1. Is there a quick way to get the dipole size of the stretch 127-197? I mean about its Cα centre, with the Cβ of Lys and Arg at +1 and of Asp and Glu at -1; what is the value in debye to the nearest 20?
2. Please state the shape class of the stretch 53-166: rounded when a/c is under 1.5, otherwise prolate if a/b exceeds b/c and oblate if not, all from the C-alpha gyration tensor.
3. Treating only the Cβ of Lys, Arg, Asp and Glu as charged (+1, +1, -1, -1), what charge dipole size does the stretch 1-153 show about its Cα centre? Round to the nearest 20 debye.
4. Classify the stretch 118-197 from the C-alpha gyration tensor, please: rounded if a/c falls under 1.5, else prolate or oblate depending on whether a/b exceeds b/c.
5. How would you rank 64-77, 152-165, highest first, on the average number of other Cβ atoms within 10 Å across their residues?
6. For the chain, give me the percentage of DSSP beta bridges that are antiparallel, rounded to the nearest 5 percent.
7. Measuring with a 1.4 Å probe in the full set of protein chains, what accessible area per residue, in whole Å², belongs to the chain?
8. From Cα pairs below 8 angstrom and at least 6 apart in sequence, can you work out the relative contact order of the stretch 57-141, rounded to a whole percent?
Amino acid sequence: MSRRSLTIAMVAAMPWPAAKASSIRVGNIVQALLDEDEGLEILLFAYDGQPVEPRPRLALHRVGGFDPDKRRYYGWRNKLAADAKLLRALVRERRRIDLLYAHTYEGLALALGFKALTLARAPVCADLHGPFVPELLHYRMIPDWRPLTALLGLAERAMLAATTQVFASNEGLAEMLGGRIGAERVAVLFDYVDLAL
């Protein structure tokens, strides 16, 4: 008896594909998952990026309206408008999604928003590069104001508590996250280079 196929929603709030570390990581994870399991289908939700060839078992749900210009890339208006479109695209596919794989905290917020809106039971995995608040400060998306950073730290803990599994891109981050949600729920998934390219 063959087992039922599994559909993973990969949520990556960024242009895809693009010559950018996050896009390359998402592409590598997607390819590894498809290679590992022939019964797997991936729905990739991202902003519209470069042209891409169709691939079996990979359905692209790319939304327009995001300005990739570096001067506006991390602006709240730019990001939130595109993220609202991603959330709508996720909701449209709600009956197909068995598991959500969120890239970065932004993808995690979208995945959890999707679950809240649809009452979906699909588990959520998160693929994280760094701690939440320092990243927001680094990209100048928030002011360095203690009450705000403390509030966002609480939001980070709530988001992490709602995930089934967290994948960290390095051991230092995995150790930090393990201290917050338990080491058994955190695994390291290193970046790698495809030498064939």
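The values are calculated or read from the model by the stated rules, or taken from the named source; none is laboratory data. Source: prediction; values computed, not measured. Neighbour counts are summed over all protein chains in view; Cβ atoms, including those assigned to glycine, are modelled from backbone coordinates with ideal geometry. What goes into the accessible areas is simple: the full protein's heavy atoms, side chains included, and nothing from ligands, DNA or RNA. Shrake-Rupley method; radii C 1.70, N 1.55, O 1.52, S 1.80 Å.
1. Working: 5 positive and 9 negative charges, 77 e Å.
Charge dipole, the stretch 127-197, about its Cα centre: 380 debye, nearest 20.
2. oblate
3. 520 debye
4. On the way: a/c = 1.77, a/b = 1.25, b/c = 1.42.
Oblate, because a/c is 1.5 or more while a/b does not exceed b/c.
5. Numbers: 64-77: 12.0, 152-165: 14.7.
For the peptides 64-77, 152-165, the packing ranking is 152-165, 64-77.
6. Roughly 5 percent of the beta bridges in the chain run antiparallel, per DSSP.
7. Computed with neighbouring chains in place, this is 57 Å² per residue.
8. 26 percent
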